[in-house]
1. Considering each of V233, V241, V218 in turn, give the residue that is among the aliphatic types (A, V, I, L, M) and over 13 Å from the mean Cα position of the chain (by Cα).
2. Please tell me if P57 is touching a Lys or Arg at 6+ places or on another chain (Cβ under 6 Å) and farther than 30 Å from T223 by Cα.
3. If only one of N6, N39 is surrounded by fewer than 13 Cβ atoms within 10 Å (Cβ to Cβ), part of a loop (DSSP other than H, G, I, E, B) and at pLDDT below 95, which one is it?
4. Just to check your reading of the model, which residue among E131, E147, E59 is more than 21 Å from the chain's Cα centre (by Cα), within 30 Å of L273 (Cα to Cα) and acidic (D, E)?
5. Could you tell me which of the residues E165, E90, E174, E131 is assigned to a helix (DSSP H, G or I) and crowded, with 19+ Cβ neighbours inside 10 Å?
6. Take the residues in the stretch 190-206 that are assigned to a loop (DSSP other than H, G, I, E, B) and among the hydrophobic types (A, V, I, L, M, F, W, C); name whichever of them is modelled with the lowest pLDDT.
7. With surrounded by 17 or more Cβ atoms within 10 Å (Cβ to Cβ) and out of contact with any Phe, Trp or Tyr (no Cβ under 9 Å at 6 or more places or on another chain) as the only criterion, which of L52, L33, L99 stands out?
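The values are calculated or read from the model by the stated rules, or taken from the named source; none is laboratory data. Here the structure is a predicted model, which means the values were calculated and not measured. Here the Cβ positions follow ideal geometry from the backbone for every residue, glycine too, while neighbour counts run over all protein chains shown.
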Amino acid sequence: MDTGTNVSTVEIVKKEFPTGSFNAAMFDFDGTLSLIRRNWPNIMIPMMVDILSDTDPGESRDQLHKEVEEFVMRLNGRQTIFQMIQLAEEVTKRGGTPLDPLDYKHQYHDLLLADMGDRIARVKSGDLPQEDLMVPESRQLLSRLREAGLTLYLASGTDLKYVREELSCLGLSEFFEPHVYGALDNYEDFSKSKVIQQILSDADAQPHQILAFGDGFVEIEETCKVGGVAIGVASEEKTRVGVNQWKRSRLINAGAHIIIGDYRCQDELLTTLGIG
């Protein structure tokens, strides 16, 4: 993924959008608020390449990597199980016998938890500040939105039990409870589209009164479908500075009204949205 400029500003992609009457905001979690899982593509993609290589597909690892990266990132924002369903289909296409997608998901989680376990332990011990594992000024933005009267919702493609644990680790639970949603073993019971419909019902909101913040395709696309305002968070997860140009391009294609790199530009952002 290419990285870009070290500037935190508000880029208006679509000039026409409602302002000033928002009463609810939905946030994605990983890459939008939390950076605990910031290395996840470098865990998932090689795992999938290894699995596909074992089918003897007649493709180089570089070719497989490109194909896997495309579908993994296209499905980013949906529940992890959908990436694993796609993996199973790719194994079948190459003449292999796939495992159950849930087995692939457990395999991935084992690898990911080994990678991120040290980060969580260091935060819990106080050795690593919570802010070092968040998109910059996330806490400040959440506080200001809550003070402005917006109800905050969290919707993540990560399993709900892990979302709750990591949200607590970062000290952000107070902003979202009881409106915390994540992937379930019965994956048909959760989607970001369903969360948006829940917001419309719970908050007695009209579509134009909903904001969504996310670094993935799905939450941006689904928000735009109902007529809400979508903020694409093109965060640089390793350096925590600037705009990731690969994410920016994807978020614009998904329909984002506004692109930001992080929340250091929140004064300008809130003014642009007519909040507070």
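1. Values: V233 fails: over 13 Å from the mean Cα position of the chain (by Cα); V218 fails: over 13 Å from the mean Cα position of the chain (by Cα).
Step by step, each of V233, V241, V218 is checked, and only V241 is among the aliphatic types (A, V, I, L, M) and over 13 Å from the mean Cα position of the chain (by Cα).
2. Numbers: touching a Lys or Arg at 6+ places or on another chain (Cβ under 6 Å): yes; farther than 30 Å from T223 by Cα: yes.
Answer is yes for this residue.
3. Values: N39 fails: surrounded by fewer than 13 Cβ atoms within 10 Å (Cβ to Cβ).
After applying the criteria, what remains is N6.
4. Working: E131 fails: more than 21 Å from the chain's Cα centre (by Cα); E59 fails: within 30 Å of L273 (Cα to Cα).
Of the residues listed, the single one that is more than 21 Å from the chain's Cα centre (by Cα), within 30 Å of L273 (Cα to Cα) and acidic (D, E) is E147.
5. Values: E165 fails: crowded, with 19+ Cβ neighbours inside 10 Å; E174 fails: crowded, with 19+ Cβ neighbours inside 10 Å; E131 fails: crowded, with 19+ Cβ neighbours inside 10 Å.
From the options E165, E90, E174, E131, the qualifying one is E90.
6. As a first pass, look at the stretch 190-206 and keep what is assigned to a loop (DSSP other than H, G, I, E, B): 190-191, 203-206.
Keeping just the survivors that are among the hydrophobic types (A, V, I, L, M, F, W, C) gives 190, 203, 205.
Details: F190: 89, A203: 68, A205: 82.
Filtering first and then ranking leaves A203.
7. Values: L33 fails: out of contact with any Phe, Trp or Tyr (no Cβ under 9 Å at 6 or more places or on another chain); L99 fails: surrounded by 17 or more Cβ atoms within 10 Å (Cβ to Cβ).
Result of the check over L52, L33, L99: L52.
Table: residues versus (1) out of contact with any Asp or Glu (no Cβ under 9 Å at 6 or more places or on another chain); (2) farther than 20 Å from G96 by Cβ.
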{"site": "N23", "(1), (2)": "no, yes"}
{"site": "M26", "(1), (2)": "no, yes"}
{"site": "G31", "(1), (2)": "no, yes"}
{"site": "R37", "(1), (2)": "no, yes"}
{"site": "P46", "(1), (2)": "yes, no"}
{"site": "T55", "(1), (2)": "no, no"}
{"site": "S60", "(1), (2)": "yes, no"}
